[in-house]
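Participant: Below is the structure I would like to discuss, written out as structure tokens.
The values are calculated or read from the model by the stated rules, or taken from the named source; none is laboratory data. Keep in mind that what you see is a predicted model, and the values were worked out from it rather than measured. All Cβ positions, glycine included, derive from the backbone under ideal geometry; neighbour counts span all protein chains shown.
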Amino acid sequence: MLFATAELGRSKTRFGFLTLGAGLLVFVLLFQQALLAAVLDGMSGALRHQTGPVLVYAREAQRSFAGSLVTQQQIDEVAAADGVADSGEMAITLLSFRTPDSDERVNASFIGYRPGKPGAPMNLVQGRLPQDVDELVASAEDAAGYYGVGETIVVEPGDREMRVVGLTEGGRFNVGTTMWTPWDTYLELVAAAAPDIPFVLPSALAVQPDPGVDPGELTERLNEQFPQLEALTREDAADLIPGRDAVQLAFTAVMALGYLVVAVVIAFFFLTMTLQKESSTTLLRAVGARGNYLVRCLLYQVAVVTAGGLAIGTLLMLVSAPLLGSTVSVKVDPVVILSTAVPALAVALLGAIPPLRRLLKADPYDVVGRPSLGGLG
């Protein structure tokens, strides 16, 4: 690889700018991947990070947690079904809150659950679960500048003062602030917001299977036994939430364009370089350098540039992620980095195909016809 390394040394500025440009493209791809993960988790993290392995919806709700209503008769029938060890109601409504010393109102999803039953929030990173009717658990991702453990918020309508006793991670819904309250508190909050409603129905049932019963198996039993209901494992409930596929498709299309730009930039740069040094590579072929040697040199340079771009992009992501924490919750995940690095290297190698083809087309016998290279002319 002496030829490749020597060329890298002679053209440090040129290759440096290309590596920096590749690094910026990799940073954009990494940020999009992390943002997609944050958005998808924020859409349905509350369903994935609750203690009920199975969730049961009204079938006509089309797997929409917010659009489902389960009747009391259905609650009793599911609780008595074979394979069900325990169940608990869950419901969601949209309210707003403010801090006691501010008039700024923030919309939030309030989820009610039965303490001690399936459906309680998981992944507490601070504090504890509520033990009193005036206590709640809130999403840690949205806490900055609004609340913390031990602080009070005012829920509206109703001007209900409540104390935040815990913060959850990954327990958001609809990509926004999410509050978890005991069931009785939830009923009081809904009654204050809509006093004309005679009673409140739960949105779903969180179900705990009997020991030895697989959640997937229980969903099949419940779906066969209750045609008006739809049972899903909590993973499926989170993954199949309406709108998730559309969001993922939109992000994937944008990221695909990003990878396409990587391939085009690599192809254009190295094709230009190949054309500029065509006389020297032709001379190398004439003095005995094999085509596979020149191919390895070019691929080595592509790999060096891509690896440098990955390093720069990852460094930029590590530096920027904490700075963006107050705006959007993104995490630097090694899996995300790897899932970005492999396709980036693949498209970079694909982008090297045009210069490789040009390189291999060089005819070593052409050198004898070039007076500038000492040929006969």
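Participant: Given the options Q33, Q50, name the one that is over 30 Å from P115 (Cα atoms) and within 23 Å of the chain's Cα centre (by Cα). Before the answer, list the steps.
Facilitator: Working: Q50 fails: over 30 Å from P115 (Cα atoms).
Only one candidate passes the filter, namely Q33.
Participant: Looking for something in contact with a Pro (Cβ under 8 Å, 6 or more places away or on another chain) and more than 17 Å from Q50 (Cβ to Cβ) - is there at least one such residue anywhere in the stretch 190-202?
Facilitator: Within the stretch 190-202, the subset in contact with a Pro (Cβ under 8 Å, 6 or more places away or on another chain) is 192-193.
Checking which are more than 17 Å from Q50 (Cβ to Cβ) leaves us with 192-193.
Yes, some residue in the stretch 190-202 is in contact with a Pro (Cβ under 8 Å, 6 or more places away or on another chain) and more than 17 Å from Q50 (Cβ to Cβ).
Participant: On to the next question. Taking the stretch 118-142 as the region of interest, how many residues are in a strand (DSSP E or B), closer than 18 Å to A108 by Cα and not charged (D, E, K, R)? Steps first, please.
Facilitator: Here is the first cut: in the stretch 118-142, the ones in a strand (DSSP E or B) are 121, 124-127, 135-139.
Narrowing further to those that are closer than 18 Å to A108 by Cα: 121, 135-139.
Next cut, not charged (D, E, K, R) only: 121, 136-139.
Residues meeting the conditions: 5.
Participant: Here's a follow-up. Is there any pair with a first residue in the stretch 33-54 that is without any contact (Cβ under 8 Å) to a residue 24 or more places away in the chain and in the same structural domain as P343 (by TED's automatic domain parsing) and a second that is among the small types (G, A, S) and not in a loop (DSSP other than H, G, I, E, B) whose Cβ atoms are under 9 Å apart and which are 6 or more apart or on different chains, and what are they?
Facilitator: Every condition considered, no pair remains.
Participant: Right, something else. Which residue, of A303, A256, is at pLDDT 80 or above, closer than 17 Å to F17 by Cα and part of a helix (DSSP H, G or I)? Walk me through it before giving the result.
Facilitator: Working: A256 fails: closer than 17 Å to F17 by Cα.
From the options A303, A256, the qualifying one is A303.
Participant: Can you name the number of the only condition in (1) in contact (Cβ under 8 Å) with a residue 40 or more places away in the chain; (2) surrounded by fewer than 16 Cβ atoms within 10 Å (Cβ to Cβ) that D76 fails?
Facilitator: For D76, the failing item is (1).
Participant: For A38, only one of the following conditions fails: (1) within 22 Å of L338 (Cβ to Cβ); (2) at pLDDT below 85; (3) touching a helix residue (DSSP H, G or I) at 6+ places or on another chain (Cβ under 8 Å); (4) not hydroxyl-bearing (S, T, Y). What is its number?
Facilitator: For A38, the failing item is (3).
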